[in-house]
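Trainee: Here it is, the structure in full.
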Amino acid sequence: MSATLRRRMPSRRIRFAAFLAVAALAAGVFVATAAALAFSDDSCDNTKPCRPPTGLVGSSYSHILKPIAPDTGNGPPYAYAMLSGSLPPGLSLSSSGPITGTPTQSGTWVFWVELSDNPEPDTNPCCPGVANPFWCKTRGTCAQRDFTITIDPGLRIVTNAIPQVASVGAPYSTTLEAQLVTNLNPPTGAAPGPLTWSVVGGALPPGLTLTNGVIAGTPTTEGAYTFKIEAAIDASRKHSQTYSLTVRQPLAIAATKPFATVPLPTVWEVGVPFSAKLTPSGGNGTYTFTLAAGSLPTGLALAADGTVVGTPRAAGVSRATLRLADSEGRTADYAANFGVAARLAVSTLALRPGKVGRLYRAKVASTGGVLPRKWKILKGPLPKGIRFDRTLGVLSGTPTKAGRYRVTFQVTDGLKVVAKKTLRIDILDA
């Protein structure tokens, strides 16, 4: 063998050995890569970001990230950590892998997650050089993936409570509202279009029905009722809300005297103190009276407990609506109509003279006051032959004796108001 050939042989051996070393290294890398820690999420492949299931705003969300265990490494427990980007608002990633919560905003979010089987902080980079833009697993003890989660608008019933004003025998109606919500803080969104509404738990009060989101009818039975109502677009987009409604006896107002029976007006008089109380019943809680419309006579005032007191200062007609409300918002009205008369007075200034033997007739008149009126003579005799009608205030008869007579007349009205005046009656000879 020539010297030249002998010199070439070591060179060939070296190249062959190097080839074997490279092959062995490549095989080792292949084995390590094939058995490296990786994500086993069904939504992942090696050509695009992992896409966990789409969520809905306002609906509970849960998705668990899972590992493929390597042949070598520390093994369980495995830890998950956010590297960059962010989860949809309302969701959080547990270090053990679950992504859970209730999304509060619609949109699409991209984020990187690292999976590791090393419970201690690792100062070595998991992916010193990432060849694939969506994933890497260059070391056996960790892996990183790019995830994308989309949250769609969710259906929400945005009516959280209904009016507590239901009364037996009184019409009741309230409308429930729903939205395709894009943000829960605060709830914002758009009208969802046609919905299917149904009672899925409990029962509405007897007499009420649910139609297209409207609870309406006339309750027939008092009591406390709890029911669950669901709105649905389809099988995946639906939402339910539980409500309570208490049906009570209707509000009623009883008016004590001197209030007149409605619709008759209450007749009163200037300068006469007035006091009357409206008595409430039915409903629930604290009762409060207010002046809802019109006005009371000048000098009268309404208290919150339904008492009307004062002294009218001017004659005239007054119309007022006094409204009763309970703690739950029910209302009932009382028509407080007044006719205030002027103060009672004897209006006759003088009586005409009469003649002996001739028929005499004169009337003592009054103004103001309220019916009935009654007259009487307080002082002084009437001329002989003259009599006095105490109901009409009329003097009549045939005088038999001439003379001048001073007579004091008194009139009393229906409110016991008294007016009096002294008048002179002259009877002349025939």
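The values are calculated or read from the model by the stated rules, or taken from the named source; none is laboratory data. These numbers were taken from a predicted model, which means no experiment stands behind them. Virtual Cβ from ideal backbone geometry, glycine too; neighbours counted across all protein chains shown.
Trainee: Filter segment 343-355 for residues that are surrounded by fewer than 15 Cβ atoms within 10 Å (Cβ to Cβ) and among the small types (Gly, Ala, Ser) and give the result.
Mentor: Result: Ser347, Ala350.
Trainee: Name every residue in segment 159-182 that is surrounded by fewer than 16 Cβ atoms within 10 Å (Cβ to Cβ), assigned to a strand (DSSP E or B) and of a type outside the set (Gly, Ala, Ser), in order of residue number.
Mentor: Answer for segment 159-182, where residues must be surrounded by fewer than 16 Cβ atoms within 10 Å (Cβ to Cβ), assigned to a strand (DSSP E or B) and of a type outside the set (Gly, Ala, Ser): just Thr175.
Trainee: Out of all the residues in segment 240-262, is one or more of a type in the set (Phe, Trp, Tyr), part of a loop (DSSP other than H, G, I, E, B) and either without any contact (Cβ under 8 Å) to a residue 12 or more places away in the chain or in contact with a Ser or Thr (Cβ under 8 Å, 6 or more places away or on another chain) (or both)?
Mentor: yes
Trainee: Within segment 402-430, track down each residue that is closer than 14 Å to Leu378 by Cβ, under 60 Å from the mean Cα position of the chain (by Cα) and of a type in the set (A, V, I, L, M, F, W, C).
Mentor: Listed by number, the residues that qualify are Val411, Val418, Ala419.
Trainee: Please indicate, with yes or no, whether at least one residue in segment 356-364 is of a type in the set (A, V, I, L, M, F, W, C), surrounded by fewer than 16 Cβ atoms within 10 Å (Cβ to Cβ) and at negative phi.
Mentor: Yes, because at least one residue in segment 356-364 is of a type in the set (A, V, I, L, M, F, W, C), surrounded by fewer than 16 Cβ atoms within 10 Å (Cβ to Cβ) and at negative phi.
Trainee: Mind checking which residues of segment 199-239 are part of a strand (DSSP E or B) and of a type in the set (Val, Ile, Thr)?
Mentor: Hits for segment 199-239 are Val199, Val200, Thr209, Thr211, Val214, Ile215, Thr226, Ile229.
Trainee: Being at pLDDT below 95, loosely packed, with under 14 Cβ neighbours inside 10 Å and not assigned by TED's automatic domain parsing to the domain that holds Leu395 is the requirement here; does Gly316 meet it?
Mentor: no
Trainee: From the list Pro70, Pro88, which residue is at pLDDT below 90, surrounded by 13 or more Cβ atoms within 10 Å (Cβ to Cβ) and either in a strand (DSSP E or B) or not hydroxyl-bearing (Ser, Thr, Tyr) (or both)?
Mentor: It is Pro70.
Trainee: Would you call Leu349 of a type in the set (A, V, I, L, M), farther than 12 Å from Ile427 by Cα and outside any loop (DSSP other than H, G, I, E, B)?
Mentor: Taking the combined requirement at face value, the residue does not satisfy it.
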